[in-house]
Amino acid sequence: MFRDDLLRDKVIAITGGGTGLGRSMAERFAALGARLVLASRRREVLERAAGEIRQRSGAEVLVHPLDVRDPQAVEAMVHSACERFGRLDGLVNNAAGNFLARTESLSANAFDAVVRTVLHGSFYASTAFARHVIARGGGGVILNILTTYAWTGSAFVVPSACAKAGVLAMTRSLAVEWARHGIRVNAIAPGPFPTEGAWQRLMPPGFAEQALRRIPAGRFGRPEELAELACFLLADGAAYITGECVTIDGGRWLMAGEFNALIGMDPASADALFAMLRAGPRS
Ligand code: COA
């Protein structure tokens, strides 16, 4: 989809970059010439991902184990990226925590665990990144990975919905506040993408077939499709896009449309139905 040097020499940090969608983005950024900082909790997972990415693309990859809930650890990640590469151009706030639970059964600690990972973690990383960018004279991109229920809300994932809604507000707020520093802040809202972590936590047995029926495109997303979108939003060609949240869900969240259930009808049955309605009142 893009020129091989789209992200040449850009230094991009990805939280949660060792697995799932974060890993897919990392692979693609590296293939397009970026240098990477992969940050998440488990060193061995990061080392494995970094080794495979280096082997495939020859990219330089720094691993930095951290918990995004620790602001000092996040600050140290920005510092070590600058020590190694001299600068940081992009930040992808991808690290997340989520699980299905009845909200009335959640402990305060459970709510905090998710909100502090998603909302506070994105805040800590974004501000640490911005301080660095502003100090060196400006120019950088932040990309927040959200979900479509950031605006619809969703039962059974209330801490995540609250936190992602907060990150959406942060995306739009910071896009305005930091535009003067040449920092763009955008977001991607994926629908369901079958990664191991998401499926294990959020897709109960038998639920996938049901979920699939509610996606107009008729399939789940492919991680590499999300990675392509991330590359576009991080690239210099997207310099005039900021404060935007791009949905990538095969039309899933729009299924609330009142008559959308009719898309399951074959054309002949739909025509017959509409003709009957047009003909006027039934006796
Ligand atoms: N249902 C209800 N409560 C849960 C839970 C679940 N499935 N999983 C964890 N919790 C609660 C714990 O019971 C604990 O609360 P308590 O102290 O009152 O008992 C609290 O959440 C913190 O859990 P802890 O085990 O200490 O984990 P953590 O803080 O390291 O974990 C999570 C953070 C909970 C978000 C964990 O799921 C995680 O690390 N996820 C990372 C990966 C991920 O979720 N990615 C998203 C893929 S879509």
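The values are calculated or read from the model by the stated rules, or taken from the named source; none is laboratory data. Quantities reported herein were computed from a predicted structural model and do not represent experimental measurements. Virtual Cβ from ideal backbone geometry, glycine too; neighbours counted across all protein chains shown. Side chains included, ligands, DNA and RNA excluded: accessible areas come from the protein's heavy atoms. Shrake-Rupley method; radii C 1.70, N 1.55, O 1.52, S 1.80 Å.
Can you tell me which residues in the stretch 39-55 are open to solvent by less than 70 Å² (accessible area, probe 1.4 Å) and in contact with an Asp or Glu (Cβ under 9 Å, 6 or more places away or on another chain)?
SER40, ALA49, GLU52, ILE53
Which of the helices (runs of 4 or more DSSP H) found entirely inside the stretch 130-241 contain at least 3 residues meeting this: within 16 Å of the ligand (Cβ to nearest atom) and surrounded by 14 or more Cβ atoms within 10 Å (Cβ to Cβ)?
158-177, 196-202
Residues in the stretch 15-56 that are within 14 Å of the ligand (Cβ to nearest atom), β-branched (Val, Ile, Thr) and touching a strand residue (DSSP E or B) at 6+ places or on another chain (Cβ under 6 Å): how many?
1
Report whether or not GLY33 is more than 26 Å from ARG136 (Cα to Cα) and either of a type in the set (Gly, Ala, Ser) or open to solvent by 40 Å² or more (accessible area, probe 1.4 Å) (or both).
no
So, in the stretch 87-102, how many residues would count as being within 12 Å of the ligand (Cβ to nearest atom), out of contact with any Leu (no Cβ under 8 Å at 6 or more places or on another chain) and open to solvent by 60 Å² or more (accessible area, probe 1.4 Å)?
Result for the stretch 87-102: 2.
Can you tell me which of (1) more than 13 Å from the ligand (Cβ to nearest atom); (2) crowded, with 17+ Cβ neighbours inside 10 Å; (3) more than 27 Å from ASP236 (Cβ to Cβ) is the one ALA59 doesn't meet?
That leaves (3) as the condition not met.
If a residue must be within 16 Å of the ligand (Cβ to nearest atom) and closer than 14 Å to ALA13 by Cα, how many such residues does the stretch 116-129 contain?
Of the residues in that region, 4 qualify.
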